[in-house]
Structure formats: structure tokens, C-alpha cells
1. Scan the range 155-171 residue by residue and report those that are more than 12 Å from Leu84 (Cβ to Cβ) and either part of a strand (DSSP E or B) or in contact with a strand residue (DSSP E or B) (Cβ under 9 Å, 6 or more places away or on another chain) (or both).
2. Among the residues of the range 124-144, count how many are in a strand (DSSP E or B) and over 27 Å from the mean Cα position of the chain (by Cα).
3. Find all pairs meeting these conditions: Cβ atoms under 8 angstrom apart; at least six residues apart or on different chains; first residue within the range 129-151 and farther than 21 Å from Thr167 by Cα and free of Cβ contacts under 8 Å to residues at least 24 places away in the same chain; second residue of a type outside the set (D, E, K, R) and part of a strand (DSSP E or B).
4. Restricting attention to the range 64-90, which residues are surrounded by 11 or more Cβ atoms within 10 Å (Cβ to Cβ), under 15 Å from Ile104 (Cβ atoms) and of a type in the set (A, V, I, L, M, F, W, C)?
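A short reminder: the numbers here are calculations on the coordinates, not readings from a lab. Just so you know, these numbers come straight off a predicted model, no measurement behind them. So basically every Cβ, Gly included, is an ideal-geometry build from the backbone, and we count neighbours across all protein chains shown.
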Amino acid sequence: MTIHRGLNVFFRLYSSINNKCDDFTSSQLKFAPSEVRMSRSTSLLQQMTIFVTVVTGGGCAMMYYLMQKNFARSEYYRQALEQLNNNSTAMAGLGAPPLKIHNIHLSDRHNRIDHSSAQLKIPVTGSKTGGYLYTTSTRDAIVNRWHLQQVFLKLREGEIIEIFNKTESEE
């Protein structure tokens, strides 16, 4: 008797989750109806799983996009690309124009930014080859501006082209 009561309570709770408030009796407890309800519940869980996955994936993609956009707007990033565009040797080595700037690899250990310094590794390609633009900048806390310390281009072939280097004597 208590097993039937327990099953009745379970099926009542289960049916209320599915927005059904039917009273079950022990004669109605057969495998076929519960299997139908289980498959309906499974379908709902699958739909919820798909929805949560899509929302989570969309949120991650949005965060990635916003972080890349934030990098592209930063002063230290723009200054480094300006130095690259003004260096004819580096542009010729890449085969640019056209110059294509790719997204920064967020997990790369060369990309570090804090309140006083920024170190980036920016992937770039031209029509001949590609490489990475390495840049180091420091922030002047008084005027709240970034100043380039070093910019160099490392091509895929291993050639390193120094673009900008602020030495101690220039300060």
C-alpha cells in the first residue's frame, strides 16, 4: 500500500511540473503513460539545454567581440599600428599594402595589460607574408596617456624588423 501511495505522490508532483493536475490511482499507474510523460519531459529538457547552450555561446561570442573591439580602440594599440604603417621597411617585408590586422589571441602570454604597462602581440599579414607586431607601452599616470617603448615586427620567416625603440637617452 505505501509503495502505491509513494508512486501516487511522485506522479502527482511529476504531473504538476508538466502543468497537469490529474489524480492518479493505482489502476492508472501503467508504464505506457509514464513513458509518454517521460519522453515529453525529456523533450522539454532537451529544448532547455539547447536554449541555454545557445544563450551561453552567444554571450561568450559577444564578450570576445567586445574585448577585441576594446583592444582596437586603445591608445597603445593604435600607436603601434601607426608606427607600423609609417615604417616602409616593415610594410615592404609584409608586402603591404594591403595590410590586414587580425584579432589578438586572448590566451597568449605575450598579451599583458595592467594599469601602468601594456604588452601586445598583434597578428598582421600582407600580400607576401605575415607575422606578429610586438609592442610595449607604459602609461604616464600624471597625464593619463600611453607612451610606446618598443615596437618590432617578427615575420614568419624569422626576420625581425625593429620599428620603434625608445632608449633611455631619449627620455
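1. Leu155, Arg156, Glu157, Glu159, Ile160, Asn165, Lys166, listed by residue number.
2. Residues meeting the conditions: 1.
3. From residues that are farther than 21 Å from Thr167 by Cα and free of Cβ contacts under 8 Å to residues at least 24 places away in the same chain, the pairs are Tyr132/Ile122; Tyr132/Pro123; Tyr132/Val124; Tyr132/Leu153.
4. Within the range 64-90, Met67, Phe71, Ala72, Ala80, Leu81, Leu84 meet the criteria.
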